[in-house]
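Here is the structure we will look at, set down as structure tokens.
The values are calculated or read from the model by the stated rules, or taken from the named source; none is laboratory data. Nothing here was measured: the structure is a model prediction, and the numbers come from that model. Note that we place each Cβ from the backbone using ideal geometry, even for glycine, and neighbour counts take in every protein chain shown. Accessible surface areas use protein heavy atoms only, side chains included; no ligands, DNA or RNA. Shrake-Rupley method; radii C 1.70, N 1.55, O 1.52, S 1.80 Å.
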Amino acid sequence: GIQVEQSPPDLILQEGANSTLRCNFSDSVNNLQWFHQNPWGQLINLFYIPSGTKQNGRLSATTVATERYSLLYISSSQTTDSGVYFCAASISSGSARQLTFGSGTQLTVLP
Amino acid sequence: DAGITQSPRHKVTETGTPVTLRCHQTENHRYMYWYRQDPGHGLRLIHYSYGVKDTDKGEVSDGYSVSRSKTEDFLLTLESATSSQTSVYFCAILPTGGETQYFGPGTRLLVL
């Protein structure tokens with residue numbers, strides 16, 4: 001099956017700093033999602049982005065499908081951005097959209 | 001939260017006992033999923049369902065069974081719990097016609 005790798009595994013930032021999280025995948029995908037897991041364990045959808053670029057406030061994401069990677073940008077980070085960021089991908093089409101997750105990036109934003 | 005609830009939210013059980021976790025959705029979506037989350041592994045798919053009585057295995061299905069007798073409920077059963085099944089279990093749904101899965105709040109299971 002598809003392999004999904006995320007880097008870095010851990011990231012510590014000072015509040016206000018910018019960061020880039022990377023997700024590499026081993027095969028062509030038709031579904032790529034980014035999630036944020038907050039310190040209470042809740043998984044929050046950030047982006048559905050199989051290709052192209054999207055922005056939502058201080059967060060933006062870019063997927064270059066032909067080169068098999070996706071990037072999540074966090075600008076002017078805040079302490080509430082802390083948590084684990086996961087990317088997940090699927091190569092299934094017209095079927096059950098089974099997602100394969102990366103191992104995540106643990107982000108800590110210090111005040 | 002896309003109308004997804006999981007019960008129980010926390011459970012402690014002993015090795016060898018059966019355990020059933022419930023996922024309930026309020027919007028009659030066709031696709032439902034069970035994942036487990038362990039340190040260093042992200043989330044891994046256990047089983048999924050694409051309709052009433054239609055289920056299939058995921059990446060880590062050994063030791064688990066599922067049932068879906070009603071659209072709104074997807075049950076995950078550990079027939080004889082083992083310590084390796086200590087984990088956080090998440091249910092997810094895929095809205096009809098959508099591409100994005102939405103997750104429930106999770107169930108923390110500790111098998112002693």
**Study point:** Accessible area expressed per residue, the range A:1-48, with surrounding protein chains retained (probe 1.4 Å, Å²)
**Key:** 51 Å²
Exercise for review: Give, as a single signed number, the net charge of other residues whose beta carbon lies under 15 Å from the beta carbon of B:P8, with Lys and Arg counted +1 and Asp and Glu -1.
Suggested key: +3
Review point. How large is log10 I(q)/I(0) at q = 0.12, 0.13, 0.20, 0.23 Å⁻¹ when the Debye formula is applied to the Cα atoms of the range A:4-104, each weighted equally and without solvent?
Key: -0.36, -0.42, -0.99, -1.28
**Study point:** Taking only Cα atoms of the protein assembly as shown, radius of gyration then Dmax in Å
**Key:** 17.4, 50
Check your understanding: Using a cut-off of 26 Å between alpha-carbon atoms, which lysines can reach B:K11, once sequence neighbours fewer than 8 places away in the same chain are excluded?
Key -> B:K57, B:K70
Point to revise | Cβ-based net charge around A:R97, under 13 Å, with every Lys or Arg adding one and every Asp or Glu removing one | key: -1
Review point. Excluding ligands, DNA and RNA, what is the solvent-accessible area per residue of the range B:31-108 at a probe of 1.4 Å, expressed in Å²?
Key: 40 Å²
Point to revise | Local electrostatic count, A:R22, Cβ distance below 15 Å [Lys/Arg +1, Asp/Glu -1] | key: -2
Check your understanding: Among all the aspartates and glutamates, which ones have a C-alpha under 18 Å from B:K53's C-alpha, if same-chain residues fewer than 8 places away are not counted?
Key -> B:E27, B:E72, B:D73
Practice item. Could you name every residue in the range B:55-104 that has 10 Å² or more less accessible surface in the full protein assembly than in its own chain alone (probe 1.4 Å, ligands and nucleic acids excluded)? Key: B:F90, B:L94, B:E99, B:T100, B:Q101, B:Y102, B:F103
**Study point:** Buried accessible area, chains A and B (both chains, 1.4 Å probe, Å² to nearest 100)
**Key:** 1600 Å²
